[in-house]
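Remarks on the structure that follows.
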Amino acid sequence: MTDHADAQLAAQYEAYPYPARDPREESKRLIIGSPSHLREIDYWVFGATRPTSQPLRALIAGGGTGDGTIMLATHMARAGRTGRVTYLDRSAGAMKIARARAEVRGLTNIDWVQGSLLDLPELGLGPFDYIDCCGVLHHLPEPSEGLAALVSVLAPGGGMGLMVYAPHGRTGVYMVQEALALLAPADQPPAARLDVARRVMRHLPESNWLRFNRNFADHITGGDAGLYDLLLNPRDRAFTVTAFADLLGGAGMAVSAFMEPMRYDPATWLPEPKLRARAGTLDATGQAALAEALTANMSVHIAYCRRAAEPVAMADPLADGAVPVMREVPGAELAKSILPDGSLPFLFDGLRAVLRLPIESTAILHAIDGERSVGDLCALFTGRGMAEAKFHRAWAETFAALQAVNRVLLAPPRA
Ligand SMILES: C[S@@+](CC[C@H](N)C(=O)[O-])C[C@H]1O[C@@H](n2cnc3c(N)ncnc32)[C@H](O)[C@@H]1O
(Lines give C-alpha, C1' and ligand atoms only; values in the text may rest on other atoms or scores of the structure.)
Protein backbone atom coordinates (compact mmCIF):
# COMPACT_ATOMS: atom_id res chain seq x y z
CA MET A 1 0.00 0.00 0.00
CA THR A 2 1.30 3.44 -0.86
CA ASP A 3 -0.43 6.80 -0.53
CA HIS A 4 0.09 10.52 -1.10
CA ALA A 5 2.38 10.98 1.92
CA ASP A 6 4.47 8.07 0.67
CA ALA A 7 4.91 9.74 -2.71
CA GLN A 8 6.03 12.89 -0.86
CA LEU A 9 8.44 10.77 1.17
CA ALA A 10 9.91 9.33 -2.02
CA ALA A 11 10.33 12.87 -3.40
CA GLN A 12 12.04 13.97 -0.17
CA TYR A 13 14.70 11.26 -0.31
CA GLU A 14 15.37 12.02 -3.99
CA ALA A 15 15.77 15.73 -3.28
CA TYR A 16 17.66 15.23 -0.02
CA PRO A 17 19.29 11.79 0.16
CA TYR A 18 19.73 10.90 3.80
CA PRO A 19 22.00 11.18 5.65
CA ALA A 20 24.11 13.76 3.77
CA ARG A 21 27.41 12.06 2.89
CA ASP A 22 30.40 12.99 0.76
CA PRO A 23 31.97 9.89 -0.86
CA ARG A 24 35.42 11.53 -0.71
CA GLU A 25 35.32 11.21 3.08
CA GLU A 26 35.56 7.42 2.71
CA SER A 27 39.31 7.64 2.28
CA LYS A 28 39.56 9.27 5.72
CA ARG A 29 37.19 7.43 8.05
CA LEU A 30 34.67 4.60 8.40
CA ILE A 31 31.34 5.55 9.93
CA ILE A 32 30.36 2.88 12.43
CA GLY A 33 27.30 2.40 14.59
CA SER A 34 24.41 0.14 15.49
CA PRO A 35 22.76 -1.84 14.09
CA SER A 36 24.89 -3.90 11.70
CA HIS A 37 28.37 -3.70 13.15
CA LEU A 38 29.68 -7.16 12.19
CA ARG A 39 30.75 -7.98 15.75
CA GLU A 40 27.27 -7.14 16.99
CA ILE A 41 25.66 -9.35 14.34
CA ASP A 42 27.99 -12.21 15.24
CA TYR A 43 27.15 -11.87 18.91
CA TRP A 44 23.67 -10.43 19.37
CA VAL A 45 22.01 -12.12 16.39
CA PHE A 46 23.89 -15.42 16.27
CA GLY A 47 25.09 -15.72 19.87
CA ALA A 48 28.73 -16.16 18.74
CA THR A 49 27.87 -19.68 17.59
CA ARG A 50 27.72 -19.24 13.79
CA PRO A 51 31.07 -20.18 12.24
CA THR A 52 32.88 -17.46 10.32
CA SER A 53 33.24 -19.82 7.34
CA GLN A 54 29.48 -19.73 6.77
CA PRO A 55 28.77 -17.04 4.17
CA LEU A 56 26.65 -14.17 5.48
CA ARG A 57 23.83 -13.10 3.18
CA ALA A 58 22.84 -9.64 4.35
CA LEU A 59 20.14 -7.21 3.19
CA ILE A 60 20.19 -3.52 4.02
CA ALA A 61 16.58 -2.47 3.42
CA GLY A 62 16.17 1.27 2.90
CA GLY A 63 19.92 1.68 2.81
CA GLY A 64 19.88 5.45 2.20
CA THR A 65 23.27 6.94 1.43
CA GLY A 66 24.97 3.77 2.61
CA ASP A 67 26.11 3.99 6.23
CA GLY A 68 25.05 0.45 7.21
CA THR A 69 25.99 -1.06 3.85
CA ILE A 70 29.46 0.46 3.77
CA MET A 71 30.20 -0.45 7.39
CA LEU A 72 29.09 -4.07 7.09
CA ALA A 73 30.68 -4.69 3.68
CA THR A 74 33.93 -3.13 4.94
CA HIS A 75 33.91 -5.22 8.12
CA MET A 76 33.30 -8.38 6.10
CA ALA A 77 36.03 -7.56 3.59
CA ARG A 78 38.55 -6.69 6.32
CA ALA A 79 37.82 -9.91 8.21
CA GLY A 80 37.95 -11.99 5.02
CA ARG A 81 34.36 -13.07 5.57
CA THR A 82 32.45 -14.54 2.66
CA GLY A 83 28.93 -13.58 1.69
CA ARG A 84 27.34 -10.52 0.16
CA VAL A 85 25.53 -7.39 1.22
CA THR A 86 22.45 -6.44 -0.78
CA TYR A 87 21.60 -2.75 -0.68
CA LEU A 88 17.96 -1.87 -1.40
CA ASP A 89 16.40 1.59 -1.54
CA ARG A 90 13.76 3.39 -3.56
CA SER A 91 15.83 6.53 -3.94
CA ALA A 92 18.08 6.66 -7.01
CA GLY A 93 19.84 9.71 -5.53
CA ALA A 94 20.64 7.93 -2.25
CA MET A 95 21.86 4.82 -4.06
CA LYS A 96 24.15 6.87 -6.28
CA ILE A 97 25.91 8.28 -3.22
CA ALA A 98 26.11 4.89 -1.50
CA ARG A 99 27.65 3.35 -4.65
CA ALA A 100 30.18 6.13 -4.95
CA ARG A 101 31.22 5.49 -1.34
CA ALA A 102 31.68 1.78 -2.07
CA GLU A 103 33.75 2.63 -5.13
CA VAL A 104 36.13 4.83 -3.14
CA ARG A 105 36.63 1.87 -0.80
CA GLY A 106 36.99 -0.65 -3.61
CA LEU A 107 34.26 -2.84 -2.13
CA THR A 108 33.15 -5.67 -4.41
CA ASN A 109 30.86 -7.56 -2.02
CA ILE A 110 27.74 -5.41 -2.48
CA ASP A 111 24.76 -5.93 -4.80
CA TRP A 112 22.78 -2.81 -5.64
CA VAL A 113 19.01 -2.82 -6.06
CA GLN A 114 16.72 0.14 -6.53
CA GLY A 115 13.19 -0.71 -5.43
CA SER A 116 10.68 -0.79 -2.61
CA LEU A 117 11.13 -3.10 0.34
CA LEU A 118 7.38 -3.62 0.19
CA ASP A 119 7.99 -5.56 -3.03
CA LEU A 120 10.50 -7.93 -1.41
CA PRO A 121 8.19 -10.94 -1.59
CA GLU A 122 8.20 -10.58 -5.40
CA LEU A 123 11.69 -9.21 -6.06
CA GLY A 124 13.40 -12.60 -6.14
CA LEU A 125 16.07 -11.48 -3.65
CA GLY A 126 17.15 -13.58 -0.70
CA PRO A 127 16.76 -15.44 1.51
CA PHE A 128 18.93 -13.42 3.90
CA ASP A 129 20.62 -14.46 7.13
CA TYR A 130 20.63 -10.90 8.37
CA ILE A 131 18.43 -7.91 7.53
CA ASP A 132 19.12 -4.31 8.53
CA CYS A 133 16.23 -1.87 8.45
CA CYS A 134 17.39 1.29 10.15
CA GLY A 135 15.15 4.33 10.34
CA VAL A 136 12.74 3.15 7.66
CA LEU A 137 9.76 1.24 9.12
CA HIS A 138 8.43 4.32 10.93
CA HIS A 139 8.12 6.20 7.62
CA LEU A 140 6.05 3.54 5.89
CA PRO A 141 2.28 3.85 5.39
CA GLU A 142 1.89 0.60 7.31
CA PRO A 143 5.00 -0.45 9.26
CA SER A 144 3.59 -3.93 9.85
CA GLU A 145 3.41 -4.48 6.07
CA GLY A 146 7.04 -3.46 5.74
CA LEU A 147 8.11 -5.77 8.53
CA ALA A 148 6.11 -8.65 7.03
CA ALA A 149 7.88 -8.06 3.70
CA LEU A 150 11.24 -8.27 5.48
CA VAL A 151 10.27 -11.44 7.34
CA SER A 152 9.25 -13.02 4.01
CA VAL A 153 12.91 -13.03 2.92
CA LEU A 154 14.49 -13.88 6.29
CA ALA A 155 16.22 -17.27 6.23
CA PRO A 156 15.40 -19.75 8.99
CA GLY A 157 17.58 -18.99 12.01
CA GLY A 158 18.31 -15.50 10.70
CA GLY A 159 17.86 -12.19 12.44
CA MET A 160 17.41 -8.47 12.00
CA GLY A 161 18.88 -5.21 13.22
CA LEU A 162 16.13 -2.61 13.41
CA MET A 163 15.93 1.03 14.38
CA VAL A 164 12.68 2.87 14.94
CA TYR A 165 12.01 6.26 16.46
CA ALA A 166 11.04 6.43 20.13
CA PRO A 167 8.69 9.14 21.42
CA HIS A 168 10.00 10.53 24.74
CA GLY A 169 13.46 11.48 23.52
CA ARG A 170 11.92 13.20 20.49
CA THR A 171 9.95 15.62 22.62
CA GLY A 172 9.51 18.81 20.68
CA VAL A 173 9.91 17.27 17.24
CA TYR A 174 6.24 16.69 16.61
CA MET A 175 5.25 20.13 17.87
CA VAL A 176 7.63 21.80 15.44
CA GLN A 177 6.46 19.46 12.67
CA GLU A 178 2.91 20.60 13.46
CA ALA A 179 3.88 24.27 13.17
CA LEU A 180 5.72 23.66 9.91
CA ALA A 181 2.80 21.71 8.46
CA LEU A 182 0.76 24.91 8.87
CA LEU A 183 3.41 27.25 7.46
CA ALA A 184 4.84 24.96 4.78
CA PRO A 185 2.35 22.23 3.86
CA ALA A 186 3.77 19.00 2.49
CA ASP A 187 2.44 19.65 -1.04
CA GLN A 188 4.80 22.62 -1.50
CA PRO A 189 8.15 22.06 -3.28
CA PRO A 190 10.81 20.61 -0.92
CA ALA A 191 13.19 23.57 -1.34
CA ALA A 192 10.46 26.09 -0.40
CA ARG A 193 9.55 24.06 2.70
CA LEU A 194 13.15 23.88 3.75
CA ASP A 195 13.48 27.63 3.48
CA VAL A 196 10.48 28.11 5.79
CA ALA A 197 11.87 25.57 8.28
CA ARG A 198 15.21 27.35 8.44
CA ARG A 199 13.54 30.68 9.08
CA VAL A 200 11.27 29.27 11.77
CA MET A 201 14.21 27.59 13.51
CA ARG A 202 16.10 30.88 13.63
CA HIS A 203 13.39 32.35 15.83
CA LEU A 204 11.99 29.31 17.59
CA PRO A 205 10.40 30.57 20.84
CA GLU A 206 12.49 29.94 23.92
CA SER A 207 9.78 27.81 25.46
CA ASN A 208 9.71 25.29 22.61
CA TRP A 209 10.61 21.81 23.87
CA LEU A 210 12.88 21.20 20.89
CA ARG A 211 15.23 23.84 22.27
CA PHE A 212 15.73 21.77 25.42
CA ASN A 213 16.17 18.49 23.58
CA ARG A 214 19.81 17.38 23.47
CA ASN A 215 19.18 13.81 22.29
CA PHE A 216 19.98 14.46 18.62
CA ALA A 217 21.37 17.22 16.47
CA ASP A 218 20.16 16.41 12.97
CA HIS A 219 18.40 19.76 12.64
CA ILE A 220 21.55 21.58 13.77
CA THR A 221 24.43 19.63 12.21
CA GLY A 222 22.73 17.39 9.61
CA GLY A 223 22.52 20.00 6.84
CA ASP A 224 19.47 20.30 4.58
CA ALA A 225 18.88 16.53 4.57
CA GLY A 226 18.95 16.38 8.38
CA LEU A 227 16.66 19.34 8.90
CA TYR A 228 14.18 18.06 6.33
CA ASP A 229 14.23 14.52 7.69
CA LEU A 230 13.56 15.61 11.25
CA LEU A 231 11.13 18.48 10.89
CA LEU A 232 9.50 18.28 7.46
CA ASN A 233 9.13 14.54 7.05
CA PRO A 234 5.76 13.81 5.45
CA ARG A 235 5.39 10.84 7.76
CA ASP A 236 7.17 9.54 10.81
CA ARG A 237 5.80 7.94 13.88
CA ALA A 238 7.48 6.98 17.09
CA PHE A 239 7.16 3.64 18.85
CA THR A 240 7.25 3.11 22.59
CA VAL A 241 8.95 -0.13 23.64
CA THR A 242 5.50 -1.65 24.05
CA ALA A 243 4.31 -0.53 20.61
CA PHE A 244 7.56 -1.80 19.07
CA ALA A 245 7.14 -5.18 20.77
CA ASP A 246 3.56 -5.34 19.43
CA LEU A 247 4.77 -4.52 15.92
CA LEU A 248 7.38 -7.27 16.12
CA GLY A 249 4.99 -9.74 17.72
CA GLY A 250 2.53 -9.25 14.89
CA ALA A 251 5.22 -10.46 12.48
CA GLY A 252 6.26 -13.39 14.66
CA MET A 253 9.45 -11.60 15.73
CA ALA A 254 10.84 -10.76 19.17
CA VAL A 255 13.68 -8.61 20.52
CA SER A 256 16.90 -10.50 21.34
CA ALA A 257 18.66 -7.42 22.64
CA PHE A 258 18.18 -3.68 22.76
CA MET A 259 21.24 -1.50 22.29
CA GLU A 260 22.60 -0.99 24.84
CA PRO A 261 21.06 -3.60 27.14
CA MET A 262 22.04 -1.71 30.30
CA ARG A 263 20.03 1.29 29.22
CA TYR A 264 16.89 -0.87 28.91
CA ASP A 265 17.41 -2.52 32.30
CA PRO A 266 15.28 -0.67 34.87
CA ALA A 267 17.68 -1.81 37.60
CA THR A 268 20.16 0.69 36.14
CA TRP A 269 17.80 3.50 37.04
CA LEU A 270 16.38 2.16 40.31
CA PRO A 271 19.01 2.09 43.05
CA GLU A 272 16.41 1.16 45.72
CA PRO A 273 16.38 -2.65 46.20
CA LYS A 274 12.63 -2.88 46.81
CA LEU A 275 11.80 -1.04 43.61
CA ARG A 276 14.35 -3.10 41.71
CA ALA A 277 12.74 -6.27 43.01
CA ARG A 278 9.33 -5.05 41.89
CA ALA A 279 10.71 -4.16 38.45
CA GLY A 280 12.22 -7.64 38.30
CA THR A 281 8.77 -9.18 38.37
CA LEU A 282 7.87 -7.59 35.00
CA ASP A 283 8.39 -9.50 31.76
CA ALA A 284 11.20 -8.48 29.41
CA THR A 285 9.05 -5.99 27.47
CA GLY A 286 7.66 -4.53 30.69
CA GLN A 287 11.14 -4.02 32.07
CA ALA A 288 12.34 -2.28 28.92
CA ALA A 289 9.17 -0.17 28.85
CA LEU A 290 9.81 0.86 32.46
CA ALA A 291 13.37 1.88 31.62
CA GLU A 292 12.06 3.90 28.68
CA ALA A 293 9.47 5.71 30.79
CA LEU A 294 11.93 6.36 33.64
CA THR A 295 14.77 7.71 31.56
CA ALA A 296 12.49 9.57 29.14
CA ASN A 297 15.39 10.39 26.82
CA MET A 298 15.32 7.57 24.27
CA SER A 299 14.82 9.03 20.81
CA VAL A 300 15.29 5.74 18.95
CA HIS A 301 15.11 2.04 19.71
CA ILE A 302 17.86 -0.08 18.19
CA ALA A 303 17.22 -3.77 18.58
CA TYR A 304 18.43 -7.10 17.30
CA CYS A 305 15.52 -9.41 16.67
CA ARG A 306 14.84 -12.98 15.70
CA ARG A 307 11.75 -15.04 15.09
CA ALA A 308 10.01 -15.49 18.44
CA ALA A 309 10.06 -19.25 17.84
CA GLU A 310 13.83 -19.20 17.23
CA PRO A 311 15.39 -17.39 20.19
CA VAL A 312 19.13 -16.96 20.04
CA ALA A 313 21.22 -19.52 21.95
CA MET A 314 24.14 -17.53 23.31
CA ALA A 315 27.60 -19.04 23.64
CA ASP A 316 28.71 -19.45 27.26
CA PRO A 317 31.07 -16.54 28.07
CA LEU A 318 32.60 -18.55 30.90
CA ALA A 319 33.55 -21.55 28.75
CA ASP A 320 37.29 -22.06 28.25
CA GLY A 321 36.88 -21.91 24.46
CA ALA A 322 34.96 -18.61 24.39
CA VAL A 323 36.95 -15.80 22.73
CA PRO A 324 36.22 -12.30 24.04
CA VAL A 325 36.48 -9.47 21.57
CA MET A 326 36.29 -5.71 21.96
CA ARG A 327 33.46 -4.33 19.86
CA GLU A 328 35.43 -1.27 18.75
CA VAL A 329 37.36 0.56 21.48
CA PRO A 330 40.50 -1.47 22.35
CA GLY A 331 40.60 -2.91 25.86
CA ALA A 332 43.59 -0.84 26.93
CA GLU A 333 41.79 2.30 25.78
CA LEU A 334 38.55 1.45 27.59
CA ALA A 335 40.50 0.60 30.74
CA LYS A 336 41.76 4.20 30.87
CA SER A 337 38.23 5.34 31.72
CA ILE A 338 37.98 3.07 34.77
CA LEU A 339 38.25 5.16 37.94
CA PRO A 340 40.48 4.06 40.86
CA ASP A 341 37.47 2.65 42.75
CA GLY A 342 36.65 0.33 39.83
CA SER A 343 33.70 2.34 38.54
CA LEU A 344 33.22 3.18 34.89
CA PRO A 345 30.93 6.12 34.15
CA PHE A 346 28.88 5.73 31.03
CA LEU A 347 26.74 8.24 29.16
CA PHE A 348 23.49 7.37 27.40
CA ASP A 349 22.66 10.51 25.42
CA GLY A 350 23.94 12.59 28.28
CA LEU A 351 22.33 10.43 30.98
CA ARG A 352 25.00 9.13 33.35
CA ALA A 353 25.11 5.56 34.59
CA VAL A 354 27.94 3.94 36.51
CA LEU A 355 29.23 0.44 35.88
CA ARG A 356 30.82 -1.39 38.79
CA LEU A 357 33.80 -3.46 37.73
CA PRO A 358 36.02 -5.76 39.77
CA ILE A 359 39.50 -4.40 40.33
CA GLU A 360 40.98 -7.06 38.01
CA SER A 361 39.02 -5.67 35.02
CA THR A 362 41.77 -3.30 33.97
CA ALA A 363 44.33 -6.11 33.56
CA ILE A 364 41.77 -8.36 31.87
CA LEU A 365 40.84 -5.63 29.39
CA HIS A 366 44.50 -5.16 28.48
CA ALA A 367 44.75 -8.87 27.68
CA ILE A 368 41.67 -9.14 25.44
CA ASP A 369 42.92 -9.23 21.85
CA GLY A 370 40.21 -11.17 20.00
CA GLU A 371 42.57 -14.15 19.81
CA ARG A 372 42.99 -15.32 23.40
CA SER A 373 40.24 -17.56 24.70
CA VAL A 374 38.91 -17.43 28.24
CA GLY A 375 41.08 -20.50 28.91
CA ASP A 376 44.14 -18.62 27.60
CA LEU A 377 43.30 -15.62 29.77
CA CYS A 378 42.90 -17.86 32.79
CA ALA A 379 46.30 -19.45 32.13
CA LEU A 380 47.83 -15.99 31.72
CA PHE A 381 46.50 -14.70 35.03
CA THR A 382 47.05 -17.85 37.07
CA GLY A 383 50.61 -17.83 35.65
CA ARG A 384 50.95 -14.38 37.23
CA GLY A 385 49.83 -15.77 40.58
CA MET A 386 46.07 -15.13 40.57
CA ALA A 387 43.89 -17.91 42.00
CA GLU A 388 41.80 -19.62 39.31
CA ALA A 389 38.53 -19.05 41.17
CA LYS A 390 39.38 -15.38 41.50
CA PHE A 391 40.02 -15.06 37.77
CA HIS A 392 36.75 -16.75 36.90
CA ARG A 393 34.79 -14.54 39.27
CA ALA A 394 36.46 -11.39 37.94
CA TRP A 395 35.92 -12.44 34.32
CA ALA A 396 32.24 -13.28 34.89
CA GLU A 397 31.64 -9.87 36.48
CA THR A 398 33.68 -8.01 33.86
CA PHE A 399 31.93 -9.67 30.96
CA ALA A 400 28.44 -9.23 32.41
CA ALA A 401 29.04 -5.51 32.95
CA LEU A 402 30.76 -4.73 29.66
CA GLN A 403 28.48 -6.86 27.51
CA ALA A 404 25.59 -4.84 28.91
CA VAL A 405 27.11 -1.70 27.39
CA ASN A 406 27.99 -3.50 24.15
CA ARG A 407 31.72 -3.03 24.66
CA VAL A 408 32.98 -6.59 25.16
CA LEU A 409 31.38 -9.36 23.09
CA LEU A 410 32.30 -12.90 22.08
CA ALA A 411 33.80 -13.78 18.71
CA PRO A 412 32.22 -16.47 16.54
CA PRO A 413 33.99 -19.80 16.04
CA ARG A 414 36.57 -19.86 13.26
CA ALA A 415 35.67 -22.87 11.22
C1 LIG B 1 15.90 7.98 7.10
S2 LIG B 1 16.56 7.18 5.69
C3 LIG B 1 17.55 5.91 6.47
C4 LIG B 1 18.74 5.50 5.64
C5 LIG B 1 19.65 4.45 6.26
N6 LIG B 1 18.95 3.23 6.60
C7 LIG B 1 20.37 4.99 7.45
O8 LIG B 1 20.02 4.60 8.58
O9 LIG B 1 21.29 5.80 7.29
C10 LIG B 1 15.19 6.27 5.06
C11 LIG B 1 15.47 5.59 3.74
O12 LIG B 1 14.41 4.65 3.49
C13 LIG B 1 14.11 4.70 2.10
N14 LIG B 1 12.76 4.18 1.92
C15 LIG B 1 11.59 4.71 2.36
N16 LIG B 1 10.55 3.93 2.01
C17 LIG B 1 11.09 2.87 1.33
C18 LIG B 1 10.55 1.72 0.72
N19 LIG B 1 9.24 1.47 0.74
N20 LIG B 1 11.40 0.86 0.13
C21 LIG B 1 12.73 1.09 0.10
N22 LIG B 1 13.30 2.17 0.65
C23 LIG B 1 12.48 3.05 1.27
C24 LIG B 1 14.29 6.14 1.73
O25 LIG B 1 14.47 6.30 0.32
C26 LIG B 1 15.51 6.53 2.55
O27 LIG B 1 16.70 6.37 1.83
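The values are calculated or read from the model by the stated rules, or taken from the named source; none is laboratory data. No experiment lies behind these values; they were computed from the predicted model shown. FYI the Cβ positions are ideal-geometry reconstructions off the backbone, even for glycines, and counts take in every protein chain you see.
Can you pull out every residue in segment 41-59 that is touching a Phe, Trp or Tyr at 6+ places or on another chain (Cβ under 6 Å) and not in a strand (DSSP E or B)?
Hits for segment 41-59 are 41, 44, 45.
Checking the conditions here, which among 350, 370 is out of contact with any strand residue (DSSP E or B) (no Cβ under 9 Å at 6 or more places or on another chain) and at positive phi? Outline the logic, then answer.
Details: 370 fails: out of contact with any strand residue (DSSP E or B) (no Cβ under 9 Å at 6 or more places or on another chain).
Among 350, 370, only 350 is out of contact with any strand residue (DSSP E or B) (no Cβ under 9 Å at 6 or more places or on another chain) and at positive phi.
So the check is Cβ under 7 Å with 6+ separation or different chains; which pairs have a first residue in segment 1-18 that's over 18 Å from residue 119 (Cβ atoms) and touching a residue at least 24 places away in the same chain (Cβ under 8 Å) and a second one that's of a type in the set (D, E, K, R) and near the ligand (Cβ under 8 Å from one of its atoms)?
What qualifies is 18/229.
Can you tell me which residue in segment 148-166 is farthest from the ligand (Cβ to nearest atom), limited to those that are surrounded by fewer than 24 Cβ atoms within 10 Å (Cβ to Cβ) and part of a helix (DSSP H, G or I)?
Among those residues, the one meeting the criterion is 151.
Mind checking whether some residue in segment 122-130 is more than 23 Å from residue 64 (Cα to Cα), part of a helix (DSSP H, G or I), of a type in the set (A, V, I, L, M, F, W, C) and more than 24 Å from the chain's Cα centre (by Cα)?
No, there is no match, as no residue in segment 122-130 is more than 23 Å from residue 64 (Cα to Cα), part of a helix (DSSP H, G or I), of a type in the set (A, V, I, L, M, F, W, C) and more than 24 Å from the chain's Cα centre (by Cα).
Residue under question is residue 16, and the condition is that it be in contact with a strand residue (DSSP E or B) (Cβ under 6 Å, 6 or more places away or on another chain), more than 9 Å from the ligand (Cβ to nearest atom) and not aliphatic (A, V, I, L, M); does it hold?
In short, no.
For the structure I just gave you, tell me whether residue 255 is of a type outside the set (D, E, K, R), over 30 Å from residue 327 (Cβ atoms) and not in a loop (DSSP other than H, G, I, E, B). Please lay out each step first, then the result.
Values: of a type outside the set (D, E, K, R): yes; over 30 Å from residue 327 (Cβ atoms): no; not in a loop (DSSP other than H, G, I, E, B): yes.
So residue 255 does not fit the description; no.
Can you say whether residue 10 is part of a loop (DSSP other than H, G, I, E, B) and either more than 13 Å from the ligand (Cβ to nearest atom) or on the phi < 0 side of the Ramachandran plot (or both), as far as the supplied structure shows?
Answer is no for this residue.
Please specify each residue of segment 124-135 satisfying the condition of being within 9 Å of the ligand (Cβ to nearest atom) and buried (at least 22 other Cβ atoms within 10 Å of the Cβ).
132, 133, 134
Anything in segment 60-98 that is within 12 Å of the ligand (Cβ to nearest atom), part of a loop (DSSP other than H, G, I, E, B) and of a type in the set (S, T, N, Q)? List them, or say none.
Correct list: 65, 91.
For segment 365-405, which residues satisfy the criterion of being assigned to a loop (DSSP other than H, G, I, E, B) and surrounded by fewer than 19 Cβ atoms within 10 Å (Cβ to Cβ)?
Once the filter is applied, which keeps residues that are assigned to a loop (DSSP other than H, G, I, E, B) and surrounded by fewer than 19 Cβ atoms within 10 Å (Cβ to Cβ), segment 365-405 yields 369, 370, 371, 372, 373, 384, 385, 386, 387.
Checking residue 115 against (1) within 13 Å of the ligand (Cβ to nearest atom); (2) within 21 Å of residue 16 (Cβ to Cβ); (3) surrounded by 16 or more Cβ atoms within 10 Å (Cβ to Cβ); (4) of a type outside the set (Ser, Thr, Tyr), only one condition comes out false. Which one?
(3)
In the set 278, 307, which member is basic (Lys, Arg) and in contact (Cβ under 8 Å) with a residue 40 or more places away in the chain?
307 is the lone residue from the list that is basic (Lys, Arg) and in contact (Cβ under 8 Å) with a residue 40 or more places away in the chain.
Is it fair to say residue 187 is touching a strand residue (DSSP E or B) at 6+ places or on another chain (Cβ under 8 Å), among the acidic types (Asp, Glu), surrounded by fewer than 16 Cβ atoms within 10 Å (Cβ to Cβ) and not in a helix (DSSP H, G or I)?
no
Considering every residue within segment 21-29, establish whether at least one is within 30 Å of residue 157 (Cβ to Cβ), in a loop (DSSP other than H, G, I, E, B) and either within 10 Å of the ligand (Cβ to nearest atom) or at pLDDT 95 or above (or both).
No, the conditions are met nowhere in segment 21-29.
As an exercise: evaluate residue 298 against (1) without any contact (Cβ under 8 Å) to a residue 60 or more places away in the chain; (2) closer than 28 Å to residue 217 by Cβ; (3) assigned to a loop (DSSP other than H, G, I, E, B) and give the number of the one condition it does not meet.
(1)
Residue 101 passes all but one of (1) assigned to a helix (DSSP H, G or I); (2) in contact with a Lys or Arg (Cβ under 8 Å, 6 or more places away or on another chain); (3) more than 16 Å from the ligand (Cβ to nearest atom); which number fails?
Every condition holds for residue 101 apart from (3).
Filter segment 277-328 for residues that are of a type in the set (Lys, Arg) and over 25 Å from residue 364 (Cβ atoms) and give the result. I'd like the intermediate steps shown before the answer.
Taking segment 277-328 first, the residues of a type in the set (Lys, Arg) are 278, 306-307, 327.
Correct list: 278, 306, 307.
Having 1 or more residues that are surrounded by fewer than 14 Cβ atoms within 10 Å (Cβ to Cβ) and over 21 Å from the mean Cα position of the chain (by Cα) is the bar; report the strands (runs of 3 or more DSSP E) wholly within segment 319-364 that clear it. Break it down into steps so the answer makes sense when it comes.
Numbers: elements: 324-326, 343-348, 351-356.
Result: 343-348, 351-356.
With respect to residue 145, is the statement that it is within 14 Å of the ligand (Cβ to nearest atom), surrounded by fewer than 22 Cβ atoms within 10 Å (Cβ to Cβ) and either over 30 Å from residue 25 (Cβ atoms) or of a type outside the set (Asp, Glu) (or both) true?
Yes: the conditions hold for residue 145.
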